[in-house]
Every structure is written in structure tokens, then in C-alpha cells.
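All remarks here apply to the structure that follows.
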Amino acid sequence: MGRFEDKDEEFKEQGKFRGELYTTHVALDNRSYFFNVKENRNKDVFLQIVESKPSEQGDGERRAIVVFADTMQDFLKGLDNSLSFIEKEQKERNRIRAERKAEREAKYGQGGDFNRPSNDEKSGGKKIYRRKGESRLTASRREEKARLHVVSKRNSDSDENQSEEF
């Protein structure tokens with residue numbers, strides 16, 4: 001047996017295959033994260049963070065980050081700063097979103113489409129009905145003409161089709 005095989009047998013007996021000291025797994029919807037604390041042959045302890053997600057080929061994609069013990073505190077400070085920034089940014093975005101919503105509700109009232117004025121506001125209280133496939137612009141132009149065309153569908157002996165324009 002070679003030198004490395006002896007080490008592998010030794011780790012297997014201790015339950016520490018490949019120098020693994022501790023492992024935890026976080027499973028999410030479409031990916032998994034493994035946090036592995038390992039020890040290399042020089043007895044240096046490090047953290048290996050592995051992201052694993054399925055791919056279209058079926059074999060899966062894996063990415064790993066290794067952080068050694070001597071730089072762990074700096075890594076954690078950077079991670080903590082990043083998480084604090086994300087939390088502060090989310091609070092700020094939620095505050096801005098709530099302010100905008102309150103402004104829209106004050107301007108347009110509760111419910112409805114806040115992005116554009118309702119038909120009642122544009123046409124002075126008159127509702128505009130659109131024909132199938134007709135744009136809003138065409139419908140509003142048609143409504144501006146304010147002509148009403150009435151066609152009678154009654155069959156009469158004297159007039160086949162009565163039509164009046166007002």
C-alpha cells in the first residue's frame with residue numbers, strides 16, 4: 001500500500017473520509033449548499049462551501065469556495081457587512097415602496113389601476129367602451145366625435161332597414 005492509501009484507510013476508520021471534520025447541508029428549491037469543515041494533509045483546517053444545482057444534462061453543476069482558518073475572520077466580516085447592506089437596502093426599498101403606494105392611494109383612491117387615470121377622470125365622468133381589437137386612442141377619438149348612430153333591426157313593410165343619425 002502507498003502512503004496516501006494508508007491515510008484514506010485511517011480517515012475511513014475515523015469516519016472522516018477526505019479530511020471531513022464536519023458537514024451540514026442546506027437544501028433549497030433548485031439548489032443545495034454544503035458547508036464542509038475539512039482538514040488537509042498539513043493539518044490546516046478550512047471551510048469549503050459547495051453549491052450544487054441540477055443541470056439540463058442531468059449531471060449537475062458544482063461550485064466550491066475554500067476559506068482557510070487564518071482568513072476566516074476577515075471572510076466573516078465581509079459576509080456580515082454584505083448581509084447588513086442587503087438588510088438595510090431591503091428596508092429602504094420597502095419604505096420607498098410604501099410611500100409610493102400611499103401617494104397613489106391618496107391620488108387615485110383605494111384599489112384599481114394606479115398607473116393611469118381611470119376612464120371617468122379622462123373623459124369627465126363618461127365611461128368609454130372599446131370595440132374588440134380597438135386601441136384606447138381610437139376609442140377616445142371615436143368618443144370625441146360624440147355622434148350616435150341608431151339602426152333599427154325591426155322589419156317593417158315600408159322600410160327594410162331604418163337608420164337615423166342624431
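The values are calculated or read from the model by the stated rules, or taken from the named source; none is laboratory data. Note that this is a predicted model, so its numbers are computed, not measured. FYI the Cβ positions are ideal-geometry reconstructions off the backbone, even for glycines, and counts take in every protein chain you see. We work out accessible area using only protein heavy atoms, side chains counted, and drop any ligands, DNA or RNA first. Shrake-Rupley method; radii C 1.70, N 1.55, O 1.52, S 1.80 Å.
Round to the nearest 0.05 the FRET efficiency obtained for residue 72 and residue 94 when R0 = 45 Å and r is the Cβ-Cβ distance. Efficiency for this residue pair is about 0.85. Label positions at residue 140 and residue 37, each projected 7 Å from the Cα along the C-beta direction, are separated by 6.6 nm.
Within the accessible surface of region 13-96, defined with a 1.4 Å probe on protein heavy atoms only, the carbon and sulfur portion equals 50 percent.
Across all directions, the average projected area of the convex hull around the alpha carbons of region 34-77 is 3.9 nm². Spin-label model, residue 49 to residue 20: label points 7 Å out along the Cα-to-beta-carbon direction sit 1.9 nm apart.
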